[in-house]
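The values are calculated or read from the model by the stated rules, or taken from the named source; none is laboratory data. In this text the structure is predicted, and so the values were computed from the model without any measurement. Here the Cβ is made from the backbone with ideal geometry for all residues, glycine too, and neighbour counts use every protein chain on show.
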Amino acid sequence: MLQIPAGFPPLFNMIRELRWEDMDDIIRNYYSYYDEMENENPDLGLIFYWVKPDYPNEIGWFSNLYQAVIRGDAICLVAEEDGHVVGICDVHSKRPGSEVAHIGMLGIAIIKGYRGKGIGKALLQGMFKACKGHFEILTLEVFSNNTKAYELYRKVGFRENGKLDKSIKRNGRYYSEIKMYIDLTES
């Protein structure tokens, strides 16, 4: 089991590695992001498909993630509260078995009601520890209007490495993405 560094406040039960049993929670969480984007927050800083994927497609997505973790091409941590997954952070190899396999692409999502409580920071710090010896550089993209996430990434050590204007088109509106990275060999 992954050991989380000392000093995390007990804001939630646990940060741990992905389990197969997490599938239903993670799919339910993913669907909640669609509902949030459509009903409350059209600027939600996640990339969506034009049509919400059906449950069999989500099972396929989760199965692929789980297999990538087993193969060693990905690392995935979850935040669990009261027996349910409330956040996920995954890193996928940019291209397994190649000269860029040392670069991991990071994604993170936390369900509404659990943001702003330190879970993102704990997931990121846990991921840094889990990636040591596996990935040397982590990259991510963040919506330029997602200032809270951007500031968190900066606080934990990510550096800006460019910006792509009009990289996301949602409901006729464009969003820019800021590209960021962290070199884990420097810490």
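A few points about this structure:
- For V69, the stated conditions hold: it is closer than 22 Å to L138 by Cβ and modelled with pLDDT of 95 or more.
- Filtered residues of the range 152-167 (kept if surrounded by fewer than 18 Cβ atoms within 10 Å (Cβ to Cβ) and over 19 Å from A79 (Cα atoms)): R154, K155, G157, R159, E160, N161, G162, K163, L164, D165, K166, S167
- Of residues in the range 82-108 being under 17 Å from the mean Cα position of the chain (by Cα) and of a type in the set (D, E, K, R), the one farthest from F48 (Cα to Cα): K94
- The range 20-41 residues that are within 23 Å of G60 (Cα to Cα) and at pLDDT 95 or above, paired with ones that are β-branched (V, I, T) and in a loop (DSSP other than H, G, I, E, B) (beta carbon under 8 Å, 6 or more apart): N29/I111; S32/I111; Y33/I111
- Of the strands (runs of 3 or more DSSP E) lying entirely inside the range 43-149, those carrying at least 3 residues that are over 21 Å from I27 (Cα atoms) are 137-143.
- Condition met for V85 (crowded, with 16+ Cβ neighbours inside 10 Å and among the β-branched types (V, I, T)): yes
- Among the residues listed as D90, D73, the single one being touching a Ser or Thr at 6+ places or on another chain (Cβ under 7 Å) and crowded, with 17+ Cβ neighbours inside 10 Å: D73
- Within the set A79, A149, the sole residue that is surrounded by fewer than 20 Cβ atoms within 10 Å (Cβ to Cβ), within 21 Å of Y33 (Cα to Cα), among the hydrophobic types (A, V, I, L, M, F, W, C) and touching a helix residue (DSSP H, G or I) at 6+ places or on another chain (Cβ under 9 Å) turns out to be A149.
- Just so you know, in the range 22-62 the residues that are out of contact with any Ser or Thr (no Cβ under 9 Å at 6 or more places or on another chain) and among the aliphatic types (A, V, I, L, M) include one that is surrounded by the fewest Cβ atoms within 10 Å (Cβ to Cβ), and it is V51.
- Scanning the range 109-139 for residues that are crowded, with 20+ Cβ neighbours inside 10 Å and over 21 Å from R16 (Cα atoms) returns no hits.
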